[in-house]
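For reference, the structure is listed below as structure tokens.
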Amino acid sequence: MTQNIKIAPSILSADFGHLADEVKAIDAAGADYIHIDVMDGHFVPNISFGAPIFKCVRDVSNKIFDVHLMIAPTDAYLKDFADAGADIITVHAEAGPHLHRSLQAIRALGKKAGVALNPATPMDFLSHVIDDVDLVLCMTVNPGFGGQSYIPVHNKIKAVREVINASGRDIDLEVDGGITPETAKDAIGAGANVLVAGTAVFKDGADKYADNIAAIRHSCSSSISGA
Ligand code: DX5
Ligand code: ZN
């Protein structure tokens with residue numbers, strides 16, 4: 001288990017009319033990564049935004065931009081997101097026929113590569129691509145919407161943590177969906193080290209974002225010290 005917990009607010013829950021200000025606000029409030037949820041209305045039943053909108057907010061923060069592509073296919077769009085300033089680009093295991101090729105394409109663009117697993121995605125493929133990834137994203141909701149309830153896929157998170165530890169490399173284990181101070185504790189206890197949170201961060205106005213991020217972070221510290 002790692003003590004180095006990172007919080008990645010998802011701008012899906014931000015006010016899209018003031019997106020740049022919202023990104024500045026979560027940067028100032030203590031976000032570690034800025035999580036960018038891209039949805040295509042095809043791989044997931046919702047549409048969010050694409051690379052041009054992402055590009056508009058990229059330069060307002062020096063934090064790590066963590067781009068989660070919920071789109072299929074992915075490969076034709078990787079360069080757009082790399083050029084727009086992504087630091088990490090994550091694709092879903094089911095998004096294309098050649099996961100290994102997509103991961104290599106992301107790295108060839110000079111970016112960190114992530115693979116996302118839906119709650120029902122088996123993880124037996126993971127050991128075959130572990131040397132090609134810098135982040136594994138375990139979905140704790142079915143992707144497509146913010147504000148859903150947490151699905152406790154803790155056995156899978158633990159198993160992913162074992163594969164990561166066996167690799168000997170510094171690979172992020174990110175969880176995404178339904179994260180609150182309460183569920184964060186369980187996800188961290190299972191082995192995650194990056195927590196994506198939309199609803200739980202972007203609530204009660206920008207004045208509260210720092211408190212909201214701190215509440216998630218502190219619940220994890222108590223989970224770690226009590227573990
Ligand atoms: C789900 C997205 C998530 C989600 C997080 O498809 O990938 O990033 O919006 O939002 P909350 O924290 O509201 O579940
Ligand atoms: Zn996401």
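What the table below lists for this structure:
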| item | result |
| --- | --- |
| Check on Leu12, assigned to a helix (DSSP H, G or I), farther than 21 Å from Val141 by Cβ, among the aliphatic types (A, V, I, L, M) and touching a residue at least 24 places away in the same chain (Cβ under 8 Å) | no |
| Selection within the stretch 179-210 - part of a loop (DSSP other than H, G, I, E, B), of a type outside the set (A, V, I, L, M, F, W, C) and in contact with a Pro (Cβ under 9 Å, 6 or more places away or on another chain) | Gly198 |
| Considering residues of the stretch 158-188 that are among the aliphatic types (A, V, I, L, M) and within 16 Å of ligand 1 (Cβ to nearest atom) only, the residue nearest to Asp132 (Cα to Cα) | Leu173 |
| Some residue of the stretch 164-175 being touching a residue at least 60 places away in the same chain (Cβ under 8 Å), under 18 Å from Leu12 (Cβ atoms), not in a helix (DSSP H, G or I) and not β-branched (Val, Ile, Thr) | yes |
| Any chance Leu126 is more than 16 Å from ligand 1 (Cβ to nearest atom), free of Cβ contacts under 8 Å to residues at least 60 places away in the same chain, closer than 21 Å to Gly189 by Cβ and in contact with a helix residue (DSSP H, G or I) (Cβ under 8 Å, 6 or more places away or on another chain) | yes |
| Count of the stretch 28-45 residues which are open to solvent by 40 Å² or more (accessible area, probe 1.4 Å), touching a strand residue (DSSP E or B) at 6+ places or on another chain (Cβ under 9 Å) and closer than 29 Å to Asp207 by Cα | 1 |
| Residue tally, condition within 16 Å of ligand 2 (Cβ to nearest atom) and open to solvent by 20 Å² or more (accessible area, probe 1.4 Å), over the stretch 63-76 | 3 |
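Here is a yes/no grid of residues against (1) over 19 Å from Ala120 (Cα atoms); (2) out of contact with any helix residue (DSSP H, G or I) (no Cβ under 9 Å at 6 or more places or on another chain); (3) buried (at least 16 other Cβ atoms within 10 Å of the Cβ):
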residue: Val153; (1), (2), (3): no, no, yes
residue: Ile171; (1), (2), (3): yes, no, yes
residue: Lys185; (1), (2), (3): yes, no, yes
residue: Val194; (1), (2), (3): yes, yes, yes
residue: Gly205; (1), (2), (3): yes, yes, no
residue: Ala210; (1), (2), (3): yes, no, yes
residue: Ile216; (1), (2), (3): yes, no, yes
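The values are calculated or read from the model by the stated rules, or taken from the named source; none is laboratory data. Please read all numbers here as calculations on a predicted model, not as lab measurements. Note that each Cβ is placed from the backbone with ideal geometry, even for glycine, and that neighbours are counted across all protein chains shown. Side chains are part of the model used for accessible areas, which takes the heavy atoms of the whole protein and leaves out ligands, DNA and RNA. Shrake-Rupley method; radii C 1.70, N 1.55, O 1.52, S 1.80 Å.
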